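A short write-up of the structure that comes next.
The values are calculated or read from the model by the stated rules, or taken from the named source; none is laboratory data. Everything numeric here is computed off the predicted structure, so don't read it as measured data. Glycine gets a Cβ as well: all are built from the backbone with ideal geometry, and neighbour counts include every protein chain shown. To get the accessible areas, we keep the full protein, side chains included, count just its heavy atoms, and leave off ligands, DNA and RNA. Shrake-Rupley method; radii C 1.70, N 1.55, O 1.52, S 1.80 Å.
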Amino acid sequence: MKLELQDIRLTFSNSRKGDFHLLQGVNLAVSEGEITAIVGGNGTGKTTLFNIISGFITDYQGKVLIDGKDIRPLPTYKRAQAGIGRLFQGTQLMGNLTLMENMKMASVDTMGEHPISPFIAWKSIRTHEYQKEQRAIDIINKLFGSDSKYLSMLDQKASALSYGEQRLIGIARLLMGESKILLLDEPTSGVNPVYIKTIADIIRKLVEEQHMTVLLIEHNMNFVKSLATNCAYLDNGKIMQYGQTEQVLNDEGVKNSYLGV
Amino acid sequence: MLLQFVINGLITGLLYSLLAIGFALVYNTTKIFHLAAAGLYVVAAYIFYSAVSIFHLPLFAGALVAVAATMGVSLLVDVLVYRPLSKRQSSVNVSLISAVGVLTILVNLVVLVYGNAPKVVENSLKSTYTFGHLILSQPQVWQAVIGLLSVAAFVAFIHYTSWGKRFRALSDDEVLYTTLGYNVNQTRTIVFLLSGAFVAISSCLNVYEVGMDPNMGMNILINALAAMIIGGIGRFEACILGGLTLGLVQSLVLMQLPSSWQTGVTFLILMLFLFFRPQGIAGYKQRTV
(Lines give C-alpha, C1' and ligand atoms only; values in the text may rest on other atoms or scores of the structure.)
Protein backbone atom coordinates (compact mmCIF):
# COMPACT_ATOMS: atom_id res chain seq x y z
CA MET A 1 0.00 0.00 0.00
CA LYS A 2 1.19 3.49 -0.81
CA LEU A 3 0.74 6.30 1.70
CA GLU A 4 0.67 9.92 0.58
CA LEU A 5 0.28 13.10 2.57
CA GLN A 6 -0.77 16.07 0.48
CA ASP A 7 -0.49 19.60 1.83
CA ILE A 8 -1.41 18.66 5.41
CA ARG A 9 -2.12 21.73 7.52
CA LEU A 10 -3.20 21.92 11.14
CA THR A 11 -3.84 25.01 13.20
CA PHE A 12 -4.61 25.28 16.89
CA SER A 13 -6.62 28.29 17.97
CA ASN A 14 -5.43 30.21 20.98
CA SER A 15 -7.54 33.29 21.66
CA ARG A 16 -4.80 35.01 23.68
CA LYS A 17 -1.84 34.50 21.41
CA GLY A 18 -3.57 34.03 18.09
CA ASP A 19 -3.47 30.89 15.99
CA PHE A 20 -0.65 28.38 16.23
CA HIS A 21 0.13 26.77 12.89
CA LEU A 22 1.69 23.41 13.80
CA LEU A 23 1.64 21.85 10.33
CA GLN A 24 1.93 24.20 7.40
CA GLY A 25 1.69 22.05 4.31
CA VAL A 26 3.32 18.66 4.84
CA ASN A 27 3.84 16.64 1.66
CA LEU A 28 5.22 13.13 1.82
CA ALA A 29 4.89 9.94 -0.23
CA VAL A 30 5.86 6.53 1.12
CA SER A 31 5.89 3.69 -1.40
CA GLU A 32 4.96 0.09 -0.71
CA GLY A 33 7.71 -1.97 0.89
CA GLU A 34 9.67 1.10 1.91
CA ILE A 35 10.82 2.31 5.33
CA THR A 36 10.72 6.07 5.75
CA ALA A 37 11.84 7.80 8.92
CA ILE A 38 10.51 11.14 10.12
CA VAL A 39 12.99 13.02 12.25
CA GLY A 40 12.73 16.39 13.88
CA GLY A 41 12.85 18.17 17.22
CA ASN A 42 10.32 17.81 20.01
CA GLY A 43 7.00 19.52 19.35
CA THR A 44 7.44 19.74 15.59
CA GLY A 45 4.29 17.69 14.96
CA LYS A 46 5.60 14.21 14.17
CA THR A 47 3.18 12.35 16.46
CA THR A 48 0.41 14.76 15.43
CA LEU A 49 1.02 13.68 11.85
CA PHE A 50 0.55 10.06 12.95
CA ASN A 51 -2.64 11.07 14.76
CA ILE A 52 -3.93 12.58 11.53
CA ILE A 53 -3.11 9.43 9.55
CA SER A 54 -4.70 7.22 12.24
CA GLY A 55 -7.87 9.33 12.34
CA PHE A 56 -7.60 10.73 15.86
CA ILE A 57 -7.37 14.27 14.48
CA THR A 58 -9.92 15.11 11.81
CA ASP A 59 -9.95 18.91 11.61
CA TYR A 60 -6.87 19.08 9.40
CA GLN A 61 -6.63 20.47 5.90
CA GLY A 62 -5.14 18.56 3.00
CA LYS A 63 -5.38 14.90 2.05
CA VAL A 64 -4.22 11.58 3.41
CA LEU A 65 -4.25 9.10 0.54
CA ILE A 66 -3.96 5.33 0.72
CA ASP A 67 -3.34 3.88 -2.75
CA GLY A 68 -4.63 7.16 -4.14
CA LYS A 69 -7.87 7.16 -2.13
CA ASP A 70 -8.63 9.91 0.39
CA ILE A 71 -9.33 8.30 3.77
CA ARG A 72 -10.77 11.38 5.49
CA PRO A 73 -14.28 9.88 5.92
CA LEU A 74 -12.96 6.76 7.64
CA PRO A 75 -13.04 6.66 11.46
CA THR A 76 -10.00 5.30 13.30
CA TYR A 77 -11.20 1.72 13.58
CA LYS A 78 -11.99 1.55 9.86
CA ARG A 79 -8.54 2.91 9.01
CA ALA A 80 -7.11 0.10 11.14
CA GLN A 81 -9.29 -2.40 9.30
CA ALA A 82 -8.13 -0.87 6.01
CA GLY A 83 -4.55 -1.78 6.97
CA ILE A 84 -3.06 1.04 9.05
CA GLY A 85 -1.30 -0.38 12.09
CA ARG A 86 0.21 1.75 14.81
CA LEU A 87 2.70 1.45 17.61
CA PHE A 88 2.33 4.20 20.21
CA GLN A 89 5.00 6.03 22.14
CA GLY A 90 3.55 5.07 25.51
CA THR A 91 1.09 2.27 26.08
CA GLN A 92 1.63 -0.88 24.08
CA LEU A 93 -0.41 -3.63 25.64
CA MET A 94 -3.69 -3.94 27.49
CA GLY A 95 -2.61 -4.63 31.06
CA ASN A 96 -5.78 -6.46 32.12
CA LEU A 97 -5.51 -8.95 29.27
CA THR A 98 -3.09 -11.84 29.15
CA LEU A 99 -0.19 -11.86 26.69
CA MET A 100 -2.05 -14.35 24.51
CA GLU A 101 -5.23 -12.25 24.58
CA ASN A 102 -3.20 -9.20 23.63
CA MET A 103 -1.74 -11.02 20.65
CA LYS A 104 -5.15 -12.31 19.58
CA MET A 105 -6.78 -8.90 19.89
CA ALA A 106 -4.52 -7.63 17.10
CA SER A 107 -6.07 -10.05 14.67
CA VAL A 108 -9.33 -8.27 13.95
CA ASP A 109 -12.01 -10.33 12.29
CA THR A 110 -15.77 -10.53 12.41
CA MET A 111 -15.81 -14.12 13.62
CA GLY A 112 -17.84 -14.28 16.84
CA GLU A 113 -18.81 -10.63 16.53
CA HIS A 114 -22.54 -11.18 16.59
CA PRO A 115 -23.62 -11.52 20.23
CA ILE A 116 -25.48 -14.78 19.58
CA SER A 117 -22.79 -16.33 17.39
CA PRO A 118 -20.98 -17.96 20.38
CA PHE A 119 -24.13 -20.06 20.84
CA ILE A 120 -24.68 -21.07 17.22
CA ALA A 121 -21.15 -21.26 15.82
CA TRP A 122 -19.12 -22.14 18.89
CA LYS A 123 -17.22 -24.91 17.14
CA SER A 124 -15.90 -22.81 14.26
CA ILE A 125 -15.15 -19.95 16.63
CA ARG A 126 -13.12 -22.30 18.83
CA THR A 127 -11.16 -23.60 15.81
CA HIS A 128 -10.55 -20.05 14.67
CA GLU A 129 -9.36 -19.00 18.13
CA TYR A 130 -7.06 -22.03 18.25
CA GLN A 131 -5.53 -21.03 14.91
CA LYS A 132 -4.90 -17.53 16.23
CA GLU A 133 -3.23 -18.96 19.33
CA GLN A 134 -0.96 -21.14 17.20
CA ARG A 135 -0.07 -18.15 15.09
CA ALA A 136 0.81 -16.11 18.18
CA ILE A 137 3.01 -18.94 19.51
CA ASP A 138 4.73 -19.25 16.11
CA ILE A 139 5.47 -15.52 16.04
CA ILE A 140 6.94 -15.48 19.56
CA ASN A 141 8.93 -18.63 18.76
CA LYS A 142 10.32 -17.10 15.61
CA LEU A 143 11.19 -13.73 17.10
CA PHE A 144 12.43 -14.60 20.57
CA GLY A 145 13.37 -18.28 20.25
CA SER A 146 11.76 -21.47 21.53
CA ASP A 147 13.32 -20.96 24.99
CA SER A 148 11.82 -17.47 25.31
CA LYS A 149 10.29 -16.69 28.70
CA TYR A 150 7.31 -15.14 26.94
CA LEU A 151 6.13 -18.58 25.85
CA SER A 152 5.66 -19.54 29.48
CA MET A 153 4.03 -16.19 30.28
CA LEU A 154 1.25 -16.36 27.70
CA ASP A 155 -1.45 -16.75 30.37
CA GLN A 156 -0.09 -13.96 32.55
CA LYS A 157 -1.42 -10.43 32.57
CA ALA A 158 0.49 -8.09 30.29
CA SER A 159 0.91 -5.68 33.22
CA ALA A 160 3.45 -8.17 34.63
CA LEU A 161 5.90 -7.14 31.89
CA SER A 162 8.28 -4.20 32.06
CA TYR A 163 7.86 -1.21 29.77
CA GLY A 164 10.58 -2.41 27.38
CA GLU A 165 9.13 -5.91 27.24
CA GLN A 166 5.65 -4.55 26.57
CA ARG A 167 7.15 -2.65 23.68
CA LEU A 168 8.69 -5.80 22.26
CA ILE A 169 5.45 -7.74 22.49
CA GLY A 170 3.67 -4.69 21.05
CA ILE A 171 5.91 -4.93 17.99
CA ALA A 172 5.51 -8.72 17.81
CA ARG A 173 1.77 -8.17 17.90
CA LEU A 174 1.97 -6.16 14.67
CA LEU A 175 2.66 -9.47 12.93
CA MET A 176 -0.73 -10.82 14.04
CA GLY A 177 -2.80 -8.22 12.23
CA GLU A 178 -3.51 -7.61 8.59
CA SER A 179 -1.75 -4.25 8.56
CA LYS A 180 -0.19 -3.05 5.34
CA ILE A 181 1.07 0.28 6.60
CA LEU A 182 2.82 0.61 9.94
CA LEU A 183 3.18 3.84 11.89
CA LEU A 184 5.89 3.27 14.47
CA ASP A 185 6.30 6.01 17.05
CA GLU A 186 9.76 5.73 18.63
CA PRO A 187 9.92 1.93 18.64
CA THR A 188 13.28 1.79 20.43
CA SER A 189 12.53 4.19 23.27
CA GLY A 190 12.97 2.48 26.65
CA VAL A 191 14.21 -0.76 25.09
CA ASN A 192 17.58 -2.23 26.07
CA PRO A 193 20.30 -2.22 23.37
CA VAL A 194 20.14 -6.00 22.84
CA TYR A 195 16.52 -5.81 21.86
CA ILE A 196 16.98 -2.78 19.59
CA LYS A 197 18.59 -5.13 17.07
CA THR A 198 15.64 -7.55 17.47
CA ILE A 199 13.23 -4.70 16.75
CA ALA A 200 15.20 -3.68 13.66
CA ASP A 201 15.13 -7.32 12.48
CA ILE A 202 11.36 -7.56 13.03
CA ILE A 203 10.71 -4.38 11.06
CA ARG A 204 13.04 -5.47 8.25
CA LYS A 205 11.30 -8.84 8.12
CA LEU A 206 7.88 -7.18 7.93
CA VAL A 207 9.00 -5.16 4.94
CA GLU A 208 10.86 -7.93 3.12
CA GLU A 209 8.39 -10.76 3.66
CA GLN A 210 5.08 -8.94 3.83
CA HIS A 211 5.93 -5.85 1.73
CA MET A 212 4.70 -3.54 4.43
CA THR A 213 5.02 0.20 4.16
CA VAL A 214 6.65 1.64 7.27
CA LEU A 215 6.64 5.21 8.53
CA LEU A 216 8.87 5.64 11.54
CA ILE A 217 9.42 8.38 14.11
CA GLU A 218 12.74 7.93 15.86
CA HIS A 219 15.38 9.89 17.74
CA ASN A 220 17.94 7.08 17.69
CA MET A 221 19.92 8.08 14.60
CA ASN A 222 21.93 4.85 14.42
CA PHE A 223 18.68 2.93 14.31
CA VAL A 224 17.34 5.23 11.59
CA LYS A 225 20.51 4.86 9.53
CA SER A 226 20.50 1.08 9.83
CA LEU A 227 16.88 0.70 8.85
CA ALA A 228 15.29 3.53 6.89
CA THR A 229 15.63 3.84 3.14
CA ASN A 230 14.39 7.41 3.12
CA CYS A 231 14.25 10.12 5.71
CA ALA A 232 12.12 13.24 6.08
CA TYR A 233 13.20 16.11 8.32
CA LEU A 234 10.22 17.95 9.81
CA ASP A 235 10.70 21.47 11.07
CA ASN A 236 8.62 24.65 11.17
CA GLY A 237 5.54 22.69 10.15
CA LYS A 238 7.04 21.47 6.87
CA ILE A 239 9.22 18.70 5.50
CA MET A 240 12.42 20.71 5.15
CA GLN A 241 14.55 17.88 3.81
CA TYR A 242 13.62 14.60 2.15
CA GLY A 243 15.77 11.98 0.48
CA GLN A 244 17.99 9.02 1.21
CA THR A 245 18.62 8.65 4.93
CA GLU A 246 22.40 9.20 4.83
CA GLN A 247 21.99 12.23 2.63
CA VAL A 248 19.38 13.88 4.89
CA LEU A 249 21.19 13.14 8.14
CA ASN A 250 24.45 14.49 6.69
CA ASP A 251 22.82 17.70 5.50
CA GLU A 252 24.42 20.71 7.16
CA GLY A 253 21.07 22.35 7.95
CA VAL A 254 19.72 19.22 9.64
CA LYS A 255 22.98 18.73 11.52
CA ASN A 256 22.89 22.30 12.83
CA SER A 257 19.24 22.66 13.71
CA TYR A 258 18.36 19.15 14.89
CA LEU A 259 21.42 17.06 15.61
CA GLY A 260 23.25 20.01 17.15
CA VAL A 261 26.60 19.23 15.55
CA MET B 1 -29.87 -18.77 63.57
CA LEU B 2 -26.41 -17.98 62.22
CA LEU B 3 -27.07 -19.96 59.03
CA GLN B 4 -30.27 -18.00 58.46
CA PHE B 5 -28.38 -14.69 58.69
CA VAL B 6 -25.60 -15.99 56.45
CA ILE B 7 -28.02 -17.13 53.72
CA ASN B 8 -30.07 -13.93 53.97
CA GLY B 9 -26.85 -11.94 53.66
CA LEU B 10 -25.62 -13.88 50.65
CA ILE B 11 -28.94 -13.46 48.86
CA THR B 12 -28.91 -9.70 49.53
CA GLY B 13 -25.29 -9.72 48.38
CA LEU B 14 -26.31 -11.33 45.09
CA LEU B 15 -28.70 -8.44 44.46
CA TYR B 16 -25.94 -5.93 45.21
CA SER B 17 -23.67 -7.86 42.85
CA LEU B 18 -26.16 -7.70 39.99
CA LEU B 19 -26.55 -3.94 40.32
CA ALA B 20 -22.80 -3.52 40.77
CA ILE B 21 -22.25 -5.47 37.52
CA GLY B 22 -24.67 -3.12 35.75
CA PHE B 23 -22.74 -0.12 37.06
CA ALA B 24 -19.27 -1.59 36.53
CA LEU B 25 -19.97 -2.56 32.93
CA VAL B 26 -20.40 1.12 32.10
CA TYR B 27 -17.83 2.52 34.51
CA ASN B 28 -15.02 0.15 33.56
CA THR B 29 -15.46 0.50 29.82
CA THR B 30 -16.33 4.19 29.48
CA LYS B 31 -15.03 5.66 32.79
CA ILE B 32 -18.41 7.35 33.19
CA PHE B 33 -19.57 7.36 36.81
CA HIS B 34 -22.93 5.99 35.80
CA LEU B 35 -25.16 7.31 38.61
CA ALA B 36 -28.04 7.15 36.14
CA ALA B 37 -28.05 3.42 36.93
CA ALA B 38 -30.00 4.37 40.08
CA GLY B 39 -32.65 5.97 37.84
CA LEU B 40 -32.74 2.92 35.58
CA TYR B 41 -33.22 0.78 38.69
CA VAL B 42 -36.33 2.81 39.58
CA VAL B 43 -37.61 2.76 35.98
CA ALA B 44 -37.23 -1.04 35.84
CA ALA B 45 -39.13 -1.43 39.11
CA TYR B 46 -42.08 0.66 37.95
CA ILE B 47 -42.27 -1.00 34.53
CA PHE B 48 -42.31 -4.35 36.34
CA TYR B 49 -45.06 -3.02 38.61
CA SER B 50 -47.10 -1.75 35.62
CA ALA B 51 -46.73 -4.99 33.70
CA VAL B 52 -47.79 -7.19 36.63
CA SER B 53 -50.20 -5.06 38.66
CA ILE B 54 -51.79 -2.88 35.96
CA PHE B 55 -51.60 -5.01 32.81
CA HIS B 56 -51.86 -8.29 34.76
CA LEU B 57 -49.02 -10.06 32.99
CA PRO B 58 -47.59 -13.13 34.70
CA LEU B 59 -44.59 -12.34 36.94
CA PHE B 60 -42.01 -13.81 34.59
CA ALA B 61 -43.42 -12.05 31.52
CA GLY B 62 -43.61 -8.79 33.50
CA ALA B 63 -39.98 -9.13 34.48
CA LEU B 64 -38.99 -9.80 30.86
CA VAL B 65 -40.81 -6.66 29.74
CA ALA B 66 -39.06 -4.65 32.47
CA VAL B 67 -35.65 -6.02 31.49
CA ALA B 68 -36.18 -5.35 27.77
CA ALA B 69 -37.50 -1.83 28.37
CA THR B 70 -34.66 -0.96 30.76
CA MET B 71 -32.11 -2.21 28.23
CA GLY B 72 -33.68 0.20 25.72
CA VAL B 73 -33.66 3.15 28.14
CA SER B 74 -30.06 2.36 29.11
CA LEU B 75 -29.00 2.47 25.47
CA LEU B 76 -30.91 5.71 24.96
CA VAL B 77 -29.06 7.30 27.89
CA ASP B 78 -25.79 6.47 26.15
CA VAL B 79 -26.83 7.50 22.66
CA LEU B 80 -28.55 10.75 23.68
CA VAL B 81 -26.37 11.89 26.60
CA TYR B 82 -23.06 10.12 27.19
CA ARG B 83 -21.96 9.47 23.61
CA PRO B 84 -22.29 13.09 22.39
CA LEU B 85 -20.30 14.18 25.46
CA SER B 86 -17.61 11.58 24.77
CA LYS B 87 -17.43 12.77 21.18
CA ARG B 88 -16.72 16.28 22.46
CA GLN B 89 -14.04 14.77 24.72
CA SER B 90 -15.80 16.14 27.81
CA SER B 91 -14.17 15.56 31.17
CA VAL B 92 -15.30 12.89 33.62
CA ASN B 93 -16.81 15.64 35.78
CA VAL B 94 -19.10 16.70 32.94
CA SER B 95 -20.17 13.07 32.44
CA LEU B 96 -20.80 12.75 36.18
CA ILE B 97 -23.00 15.85 36.25
CA SER B 98 -24.90 14.63 33.19
CA ALA B 99 -25.41 11.27 34.92
CA VAL B 100 -26.89 13.07 37.94
CA GLY B 101 -29.13 14.98 35.52
CA VAL B 102 -30.36 11.78 33.89
CA LEU B 103 -30.99 10.24 37.32
CA THR B 104 -33.05 13.25 38.39
CA ILE B 105 -35.06 13.30 35.16
CA LEU B 106 -35.83 9.57 35.32
CA VAL B 107 -36.92 9.73 38.98
CA ASN B 108 -39.07 12.82 38.35
CA LEU B 109 -40.72 11.13 35.37
CA VAL B 110 -41.58 8.15 37.56
CA VAL B 111 -43.01 10.47 40.25
CA LEU B 112 -45.02 12.29 37.59
CA VAL B 113 -46.62 9.08 36.34
CA TYR B 114 -46.93 7.00 39.52
CA GLY B 115 -46.75 9.51 42.38
CA ASN B 116 -44.55 9.35 45.47
CA ALA B 117 -46.44 6.70 47.42
CA PRO B 118 -44.73 3.31 47.85
CA LYS B 119 -46.04 0.47 45.69
CA VAL B 120 -45.89 -3.31 45.83
CA VAL B 121 -45.87 -5.64 42.84
CA GLU B 122 -48.19 -8.27 44.31
CA ASN B 123 -50.17 -7.50 47.42
CA SER B 124 -50.40 -11.06 48.65
CA LEU B 125 -48.81 -13.21 51.30
CA LYS B 126 -45.80 -14.99 49.87
CA SER B 127 -45.29 -18.66 50.66
CA THR B 128 -42.20 -19.80 52.55
CA TYR B 129 -40.00 -22.89 52.31
CA THR B 130 -38.41 -24.56 55.31
CA PHE B 131 -35.11 -26.45 55.08
CA GLY B 132 -34.40 -27.72 58.61
CA HIS B 133 -33.85 -24.55 60.66
CA LEU B 134 -33.62 -22.42 57.55
CA ILE B 135 -36.67 -20.51 56.33
CA LEU B 136 -36.70 -18.89 52.90
CA SER B 137 -39.52 -16.84 51.41
CA GLN B 138 -40.62 -17.42 47.81
CA PRO B 139 -39.04 -14.12 46.62
CA GLN B 140 -35.77 -15.11 48.31
CA VAL B 141 -35.74 -18.42 46.44
CA TRP B 142 -36.26 -16.54 43.15
CA GLN B 143 -33.53 -14.09 44.12
CA ALA B 144 -31.12 -16.91 44.87
CA VAL B 145 -31.87 -18.96 41.75
CA ILE B 146 -32.09 -16.15 39.18
CA GLY B 147 -29.31 -14.21 40.87
CA LEU B 148 -26.92 -17.15 40.76
CA LEU B 149 -27.81 -18.00 37.15
CA SER B 150 -27.32 -14.37 36.05
CA VAL B 151 -23.99 -14.05 37.84
CA ALA B 152 -22.73 -17.36 36.40
CA ALA B 153 -23.82 -16.32 32.89
CA PHE B 154 -21.97 -13.03 33.32
CA VAL B 155 -18.73 -14.69 34.44
CA ALA B 156 -18.92 -17.09 31.48
CA PHE B 157 -19.65 -14.19 29.12
CA ILE B 158 -16.74 -12.06 30.33
CA HIS B 159 -14.21 -14.89 30.25
CA TYR B 160 -15.22 -17.14 27.40
CA THR B 161 -16.76 -15.00 24.67
CA SER B 162 -15.06 -12.68 22.22
CA TRP B 163 -17.34 -9.86 23.41
CA GLY B 164 -16.20 -10.43 26.98
CA LYS B 165 -12.61 -10.11 25.81
CA ARG B 166 -13.55 -6.93 23.96
CA PHE B 167 -15.16 -5.47 27.08
CA ARG B 168 -11.98 -6.12 29.03
CA ALA B 169 -9.86 -4.64 26.25
CA LEU B 170 -12.02 -1.52 26.00
CA SER B 171 -11.91 -1.07 29.77
CA ASP B 172 -8.14 -1.14 29.55
CA ASP B 173 -7.41 1.33 26.78
CA GLU B 174 -9.96 2.87 24.42
CA VAL B 175 -7.33 4.41 22.14
CA LEU B 176 -5.49 1.12 21.66
CA TYR B 177 -8.81 -0.68 21.23
CA THR B 178 -9.91 1.50 18.33
CA THR B 179 -6.41 1.51 16.80
CA LEU B 180 -6.57 -2.27 16.63
CA GLY B 181 -9.67 -1.94 14.46
CA TYR B 182 -12.54 -2.31 16.92
CA ASN B 183 -15.64 -0.13 16.77
CA VAL B 184 -16.01 1.56 20.17
CA ASN B 185 -19.61 2.68 19.56
CA GLN B 186 -20.70 -0.82 18.60
CA THR B 187 -19.09 -2.22 21.76
CA ARG B 188 -20.69 0.51 23.88
CA THR B 189 -24.09 -0.46 22.48
CA ILE B 190 -23.66 -3.99 23.80
CA VAL B 191 -22.24 -2.66 27.08
CA PHE B 192 -25.25 -0.41 27.76
CA LEU B 193 -27.78 -3.05 26.74
CA LEU B 194 -26.20 -5.58 29.07
CA SER B 195 -25.81 -3.03 31.85
CA GLY B 196 -29.52 -2.19 31.61
CA ALA B 197 -30.38 -5.89 31.78
CA PHE B 198 -28.41 -6.45 35.00
CA VAL B 199 -29.78 -3.31 36.65
CA ALA B 200 -33.33 -4.44 35.75
CA ILE B 201 -32.84 -8.02 36.97
CA SER B 202 -31.53 -6.73 40.30
CA SER B 203 -34.42 -4.28 40.56
CA CYS B 204 -37.20 -6.77 39.71
CA LEU B 205 -35.86 -9.39 42.13
CA ASN B 206 -35.63 -6.85 44.94
CA VAL B 207 -38.91 -4.98 44.51
CA TYR B 208 -40.86 -8.23 44.19
CA GLU B 209 -39.95 -8.77 47.84
CA VAL B 210 -39.87 -5.31 49.40
CA GLY B 211 -41.88 -3.06 47.09
CA MET B 212 -40.73 0.26 45.69
CA ASP B 213 -40.72 4.03 45.93
CA PRO B 214 -39.26 6.53 43.44
CA ASN B 215 -36.36 7.50 45.69
CA MET B 216 -35.01 4.03 46.44
CA GLY B 217 -32.44 3.96 43.60
CA MET B 218 -29.63 5.98 45.12
CA ASN B 219 -29.65 4.13 48.47
CA ILE B 220 -29.24 0.77 46.83
CA LEU B 221 -26.73 2.06 44.28
CA ILE B 222 -24.48 3.21 47.15
CA ASN B 223 -24.37 -0.38 48.37
CA ALA B 224 -23.57 -1.56 44.83
CA LEU B 225 -20.78 1.03 44.53
CA ALA B 226 -19.36 -0.11 47.86
CA ALA B 227 -19.54 -3.70 46.56
CA MET B 228 -17.64 -2.71 43.42
CA ILE B 229 -14.88 -0.96 45.40
CA ILE B 230 -14.62 -3.75 47.97
CA GLY B 231 -14.44 -6.36 45.20
CA GLY B 232 -11.88 -4.45 43.16
CA ILE B 233 -12.42 -1.63 40.68
CA GLY B 234 -11.58 -2.46 37.08
CA ARG B 235 -12.33 -6.16 37.32
CA PHE B 236 -15.83 -7.04 36.21
CA GLU B 237 -16.30 -10.25 38.18
CA ALA B 238 -14.89 -8.69 41.36
CA CYS B 239 -18.26 -6.97 41.90
CA ILE B 240 -19.71 -10.36 42.72
CA LEU B 241 -17.19 -11.02 45.46
CA GLY B 242 -17.66 -7.49 46.80
CA GLY B 243 -21.46 -7.77 46.73
CA LEU B 244 -21.50 -11.10 48.56
CA THR B 245 -19.03 -9.85 51.18
CA LEU B 246 -21.02 -6.69 51.79
CA GLY B 247 -24.36 -8.52 51.99
CA LEU B 248 -22.92 -11.05 54.39
CA VAL B 249 -21.34 -8.48 56.71
CA GLN B 250 -24.48 -6.32 56.72
CA SER B 251 -26.56 -9.34 57.64
CA LEU B 252 -24.23 -10.44 60.42
CA VAL B 253 -24.29 -6.92 61.84
CA LEU B 254 -28.05 -7.29 62.17
CA MET B 255 -27.48 -10.18 64.56
CA GLN B 256 -25.91 -7.84 67.12
CA LEU B 257 -26.91 -4.29 66.23
CA PRO B 258 -30.08 -2.42 65.21
CA SER B 259 -30.71 -2.22 61.44
CA SER B 260 -29.97 1.51 61.47
CA TRP B 261 -26.30 0.53 61.80
CA GLN B 262 -26.26 -1.18 58.41
CA THR B 263 -25.38 1.92 56.38
CA GLY B 264 -22.77 2.99 58.92
CA VAL B 265 -21.13 -0.42 58.78
CA THR B 266 -21.18 -0.34 54.96
CA PHE B 267 -19.20 2.88 54.93
CA LEU B 268 -16.89 1.65 57.68
CA ILE B 269 -15.99 -1.43 55.61
CA LEU B 270 -15.59 0.77 52.56
CA MET B 271 -13.20 3.11 54.36
CA LEU B 272 -11.18 0.22 55.77
CA PHE B 273 -10.73 -1.13 52.25
CA LEU B 274 -9.83 2.28 50.85
CA PHE B 275 -7.16 2.69 53.54
CA PHE B 276 -5.69 -0.80 53.73
CA ARG B 277 -6.53 -2.56 50.45
CA PRO B 278 -7.55 0.03 47.87
CA GLN B 279 -7.26 -2.50 45.05
CA GLY B 280 -10.14 -4.48 46.64
CA ILE B 281 -10.39 -8.18 47.46
CA ALA B 282 -9.80 -9.47 43.92
CA GLY B 283 -7.70 -6.56 42.72
CA TYR B 284 -3.99 -6.90 42.21
CA LYS B 285 -1.14 -4.46 42.31
CA GLN B 286 -0.04 -3.60 38.81
CA ARG B 287 3.57 -3.19 37.80
CA THR B 288 4.12 0.50 37.28
CA VAL B 289 5.85 1.10 33.99
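The figures follow:
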quantity	calculated
For the stretch B:70-178: rounded, prolate or oblate by the Cα gyration tensor [a/c cutoff 1.5]	oblate
Net lengthening on full extension, A:Asn222/A:His128 (0.36 nm per residue, minus Cα-Cα)	29.7 nm
With all protein chains modelled, accessible area of B:Leu85 [1.4 Å, Å²]	30
A:Asp251 accessible area, 1.4 Å probe, all protein chains in place, Å² to nearest 10	40
Under Karplus coefficients 6.51, -1.76 and 1.60, residue-wise ³J(HN,Hα) of the stretch A:65-71 in Hz, glycine/proline x	10, 10, 6, x, 9, 5, 9
Accessible area of the stretch B:206-289 divided out per residue, in Å², using a probe of 1.4 angstrom	50
Area hidden from solvent between A and B (accessible, protein heavy atoms only, 1.4 Å, total, Å²)	2800
Accessible area of the stretch B:1-143 divided out per residue, in Å², using a probe of 1.4 angstrom	48
Accessible-area ranking of A:Val207, B:Val249, largest first, probe 1.4 Å	B:Val249, A:Val207
Quotient of C-alpha Rg and 2.2 N^0.38 Å, computed over the protein assembly as shown	1.14
Greater than 23 Å apart at Cα, pairs in B:Lys31/B:Lys87; A:Lys205/A:Lys225; A:Lys2/A:Lys238; A:Lys123/B:Lys165; A:Lys2/A:Lys78	none
Label-point gap, in nm, between B:Ile135 and A:Gln61 - each point 7 angstrom along Cα→Cβ	8.1
A:Phe144, B:Phe48, reordered so the largest accessible area comes first (probe 1.4 Å)	A:Phe144, B:Phe48
Under-5 Å amide H pairs with B:Ser137, H placed in peptide plane, nonlocal only	B:Tyr129
Vicinal HN-Hα couplings computed from phi for the stretch A:225-242 (Karplus, 6.51 cos²θ - 1.76 cosθ + 1.60; Hz; Gly/Pro x)	5, 6, 10, 7, 6, 10, 9, 10, 9, 9, 7, 6, x, 9, 7, 7, 9, 8
Under Karplus coefficients 6.51, -1.76 and 1.60, residue-wise ³J(HN,Hα) of the stretch B:49-57 in Hz, glycine/proline x	4, 4, 4, 8, 8, 9, 9, 6, 6
Unit charges on C-beta of K, R, D, E only; dipole of chain A, Debye	420
Length-normalised contact order for chain B - Cα pairs under 8 Å, 6+ apart - percent	37
Cα gyration tensor, the stretch B:4-117 - rounded (a/c under 1.5), prolate or oblate	oblate
Dipole in debye (nearest 20) - chain B, about Cα centre, beta carbon charges: Lys, Arg +1; Asp, Glu -1	640
Value of relative contact order over chain A, rounded to a whole percent, pairs C-alpha under 8 Å and six or more apart	29
Anisotropy class of chain A from Cα gyration tensor, a/c 1.5 cut	prolate
Heavy-atom surface of chain A, accessible at 1.4 Å and reported per residue (Å²)	46
Chain B - percent of accessible surface contributed by carbon and sulfur, probe 1.4 Å	69
